[in-house]
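Have a look at the structure below, then the notes.
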Amino acid sequence: MAGIVTWQFRHLLAIGTPLLILIAAYLFYFVDQTVATSMCANAWFFAVPLVLGALTGVIGERSGVVNIGIEGQMLTAAFASFFTAAATKSLVAGVAAGILAGVAMGAFLAWTTVTARMDQIIAGVAINIVATGITSFFYKSGAQLPVNMPQWNVPVLSKIPLIGETFFQTGPIALFALLIAPVLHFAMFRTRWGLRTRAIGEYPSAADTAGINVNRMRFVNVVLAGILAGAAGTYLSMEATSSFSRGMTAGRGFLALAIMIFGAWRPLRVVAAALFFGFANALASQLQGVVDIPQQFVTLLPYVLTLAVLAIAAGRVRAPAAEGVPFIKGEGQ
Amino acid sequence: MTQAESRPEAARGRPPSTEERVLELQGLSKSYGAVHANSDITLHIGRGEIVALLGENGAGKSTLVKQIFGLTRPDAGRIVIKGDSTPIKDPKDAIRRGIGMVHQHFQLVPVMTVAENLILGHEPVRGGIRLDLAAARMMVRELSEKHGLAVDPDARIEDLPVGAQQRVEILKALSHRVDLLILDEPTAVLTPQETDELLGVLSELAAAGTAIVFITHKLREVLAVADRVYVLRRGRVVGTVPTDETDAARLATMMVGHDVILRVDKKPSTPGKAVLSVRDLVVRDNRRLTAVDGFSIEVRAGEIVGIAGVEGNGQRELVEAIAGMRSPLSGTVRLGDRDITRFNAADTNAAGVGHIPEDRERHGIVASYSIADNLVLNCFDSEPYSRHWIRNISAIREHAIALRAEFDIRSASIDATAGSLSGGNKQKVVVAREMAARPRLLVAAQPTRGVDIGAIELIHRRIVEARDAGAAVLLVSAELDEVLSLADRVAVIHAGKVVAELPGDLVDRAEIGRLMAGERPGVPPTDHRSDGES
Ligand SMILES: Nc1ncnc2c1ncn2[C@@H]1O[C@H](COP(=O)(O)OP(=O)(O)OP(=O)(O)O)[C@@H](O)[C@H]1O
Ligand SMILES: [Mg+2]
């Protein structure tokens, strides 16, 4: 009985919270159309790389591999995509290079942690260090994108007031982030792949005895998740700014991890969590003109929020039980 | 298929002919470092035959069956499945070739439902992609009805009592076509009623042609259900006998290599002052339902109090509350004149409470630590194991060497990881550690789970010795026999309450059975099944 009550409560929460926020947003929209639109657009703009980064973490940790190298994956991708696009004068080549860079870093993480059973934290730290080193070393100033990334107006949807302007008048990567989250959510909880992924992250020996190749699946998942981190980095340098600067990820990869936890390792909740960060950020920059707060505090906000969120989430959400533990066949059976 | 109804009587007690052989092992050997877990093992099993593997803790039973299921590779020798001797690559290969296995340690994902666990690895899908959970539930219901093992397809594994988890394990093994079913100590966590139920299922499966390898430490079960017994000692087959040509005493002797005494001798107790007093304790379980509901008990120095009850009546939560692993909702737990109700596990331990937990894998050992370190988990920070904040390695090693000898822990060295020990030897490590601290109160939940008969005798003797030395012992066991043979006083628990307290020496089994069921004679205590298989 208690189970049913919590089930209903959870569903009420899942449907009710976004609904409330939506109503609030539209109320605001009718009060001040321009401010509301710009705030929502800003929020999503800020949230896109966080969604993609956090989903990278979700796939990894749900499979049992902790990925603290997302920051480095994103940075490498931002670098590779921007300079490839600049050199080849092709946006497509740039995006491809960015994604490939994310996948390559993912493959490095997979190889060190799954195949070589290295400590996952150390492997992640190594990725971050290597990424900072490489991207700073090969950095050249003066490169430029041939053209800016296209801005699309999705037919019909982009005409919806507020929502259309926020989500559907956007670049390709932001749109990809919007679409991939529900797809991944479905995949995680409603498909064979998802069931197996969750099993190998929770109790790998059970999956092993059921005939699932735990290490192969972990490897593949971590590599595939690299696509998302690659897209996140590409977004930063090509879609959000059209430029690359040293260390431009500025901790977003770690922010993404906080969002992954705040989103309880569930893709749709991750989007909500990222939007929450986005709104907080948009609110702060909006307030800047109104009240007198120094710029530094605004920049600080996401990080302070991260601490607050993690303190709240701690103890309320449960990480996949086997994350961080290499699977060795024949142990625990 | 020809003898669908009854067991092939003619096959009983005689090796089946080669054509019928489902499994044949030829000269199988497997070593872990210096330990020869299996040496030159040769055996065979025919269609519809139930073969029991018997042997002390660490004799190599689990190692043997793990190789058949493709979990580890043999160093030498051949495994022939239905005439096919290609090596078994992995569990997937084993499953494909018609082998099902129930593992000694549960292989279930705790946060998933019964249905999800059952379909893992061979999930039904709709439209090529979407998991078909309705079909999965259906499958659980059909299987559960077919074999008469009741489970709720939507229950989460971690909310289920161990007996129900064991049923899920068995159904999982049977969820695909199985010609050879391997069960590694499936009855270690079952109550006698559940055990009988399982033995019935095994006989039915055998009658339908399934070959069964059954590992257990309980000779009664071997004699009740097996056709033949292979006895293993230190990795070798030391003999095989048809069950109708042997008896418990002879099997025990074959296993251990010398005669064993199957009974505990104990003097009447001379209880002193109250050590543990529990008053009106209310504890909730993981689902926040009231599991312990106004429980009161007193255990005095020099006395063993046994808790008898059907599993899932609050025993687990009671033990966890006393041991400081779970906060009670209300009520008090006192140790002597100290109130320890709100103590955590470490403080409870420091106050002089030893705890042998029900689930040794999760709460008893740290699998990746050495045996020596596991033996000081409860005292690593006190003299002499730690001096001025520095661990005293030689004292730790001496302690380990002494305990290994005293409790007959079978391992290559005290530096091996606890995870590499056999199931029963892990249990001995936990028991040894908790008893070595000479606690004022010992809370022992299933203290002999999975240990061989020689070790049961040893552990029972130690518990009685601890009692005679003045310790108070609270014993919780699913084995009524264990409670009755050890306890000086028996408290029957039902629905989280003490329904009766009886002196241990004049207890009538039938009477206890009725009390355990909630004083309603004639009503089966657990599972409310609509119709049973006949
Ligand atoms: N992964 C491993 N690494 C090292 N040694 C191991 C490993 N697995 C088993 N062993 C050793 O092999 C021997 C046989 O162990 P096994 O688990 O087969 O015993 P068992 O007969 O099943 O005992 P039990 O009745 O206690 O379950 C033991 O000495 C054990 O310590
Ligand atoms: Mg074993």
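The values are calculated or read from the model by the stated rules, or taken from the named source; none is laboratory data. Since the structure is predicted, the reported quantities are computational estimates derived from the model, not experimental observations. Cβ: placed from backbone, ideal geometry, glycine included. Neighbour counts: every protein chain shown. Heavy atoms of the whole protein, side chains included, go into the accessibility calculation; ligands, DNA and RNA do not. Shrake-Rupley method; radii C 1.70, N 1.55, O 1.52, S 1.80 Å.
Each residue, B:D481 and A:T241, gets one label point 7 Å from its Cα in the Cβ direction; the gap between the two is 7.4 nm. Our estimate of slack between B:D75 and B:R338, defined as 0.36 nm per intervening residue step minus the Cα-Cα distance, is 89.0 nm.
Can you pull the percent of chain A's accessible area that's carbon plus sulfur, 1.4 Å probe, other chains left in place? The C+S portion of the solvent-accessible surface of chain A is 71 percent. Taking label points 7 Å from Cα along the Cα-to-Cβ direction, B:H122 and B:S327 give a separation of 4.6 nm. Accessible area of B:K218 (1.4 Å probe, protein heavy atoms only, ligands and nucleic acids ignored): about 60 Å².
Solvent-accessible area lost on pairing B with A (1.4 Å probe, both sides summed) amounts to about 2400 Å². Taking the Cβ of B:I409 as the centre, find all other residues whose Cβ is under 11 Å away and add up their charges (Lys, Arg: +1; Asp, Glu: -1). Taking every other residue near B:I409 into account, the sum is +3.
A loss of 30 Å² or more of accessible area (1.4 Å probe, protein heavy atoms, ligands and nucleic acids excluded) relative to the isolated chain is seen in these residues of segment A:203-249: A:Y203, A:A206, A:T209, A:A210, A:G211. Under a 5 Å amide H cut-off, with hydrogens placed 1.01 Å from N, B:I182 pairs with B:G100, B:M101, B:V102, B:V213 among residues at least 5 apart or on other chains. Taking the Cα centre of segment B:4-256 as reference, the dipole from Cβ charges on Lys and Arg (+1) and Asp and Glu (-1) amounts to some 760 debye. Bridgeable lysines around B:K426 (alpha carbons under 21 Å apart, same-chain partners fewer than 8 residues away excluded): A:K329, B:K30, B:K61, B:K66, B:K218. Mean-square fluctuations from a GNM of chain A, with a 10 angstrom spring cutoff on Cα atoms, peak among A:G98, A:G230, A:G164 at A:G164. Between A:I21 and B:A134, the modelled labels are 3.2 nm apart [label points 7 Å from Cα along Cα→Cβ]. Segment B:447-521 and segment B:275-308 have their alpha-carbon centroids 14 Å apart. GNM on chain A, C-alpha springs below 10 Å: top fluctuator among A:F219, A:F138, A:F108? Answer for the Gaussian network model of chain A: A:F138. Assuming R0 = 25 Å, what is the FRET efficiency of A:V317 and B:E158, from their Cβ-Cβ distance, to the nearest 0.05? The value I calculate is 0.95. Counting only aspartates and glutamates at least 8 places from B:K267 when in the same chain, those with an alpha carbon closer than 13 Å to its own are B:E303, B:E465, B:D468, B:D488, B:D505.
Rounded to the nearest Hz, the phi-derived 3J(HN,Hα) couplings of segment B:44-54 under the Karplus curve 6.51 cos²θ - 1.76 cosθ + 1.60 (θ = phi - 60°) are 8, 9, x, 4, x, 9, 10, 10, 9, 9, 10, where x marks glycine and proline. Converting phi to 3J(HN,Hα) with the Karplus coefficients 6.51, -1.76 and 1.60 and the offset θ = phi - 60°, segment B:459-470 yields 5, 4, 4, 5, 5, 5, 4, 4, 4, 5, 7, x Hz in sequence order, with x at every glycine or proline. Taking all protein chains into account, the per residue accessible area for chain B stands at 42 Å² (1.4 Å probe). The largest accessible area among B:V366, B:V299 belongs to the first residue in B:V366, B:V299, and the rest follow in falling order (1.4 Å probe, all chains). Its Cα centre serving as origin, the protein assembly as shown has a Cβ charge dipole (Lys and Arg +1, Asp and Glu -1) of approximately 2060 debye. Peptide B:112-118 shows a mean partner chain C-beta count of 2 within 10 Å per residue C-beta.
The overall shape of chain A, judged from the alpha-carbon gyration tensor, is oblate: a/c is not under 1.5, and a/b is no greater than b/c. Here the convex hull built on the C-alpha positions of segment B:4-256 has a volume of 135 cubic angstrom per residue.
A Förster radius of 45 Å combined with the Cβ-Cβ distance from B:S386 to B:R287 puts the calculated FRET efficiency at roughly 0.70.
Mind listing P(r) for the protein assembly as shown? All alpha-carbon pairs, 20 Å bins, whole percents. Histogram of Cα-Cα distances, whole percents per bin: 13, 40, 32, 14, 1. Highest mobility in the GNM of chain A, judged by mean-square fluctuation with C-alpha springs under 10 Å and restricted to A:Y29, A:Y303, A:Y235, is found for A:Y29. With r as the distance between the Cβ atoms of B:E465 and A:D119 and R0 = 60 Å, compute the FRET efficiency 1/(1 + (r/R0)^6) and round to 0.05. For R0 = 60 Å, the calculated efficiency reads 0.85. In summary, the lysines within cross-link reach of A:K140, defined as a Cα separation below 26 angstrom excluding same-chain residues under 8 places away, comprise A:K89. Note on segment B:339-373 and segment B:34-102: Cα centroid distance 35 Å, given to the nearest whole angstrom. Taking amide hydrogens as placed 1.01 Å from N in the peptide plane, the amide H of A:G324 sits under 5 Å from those of A:V65, A:V66, each at least 5 positions away in sequence or on another chain.
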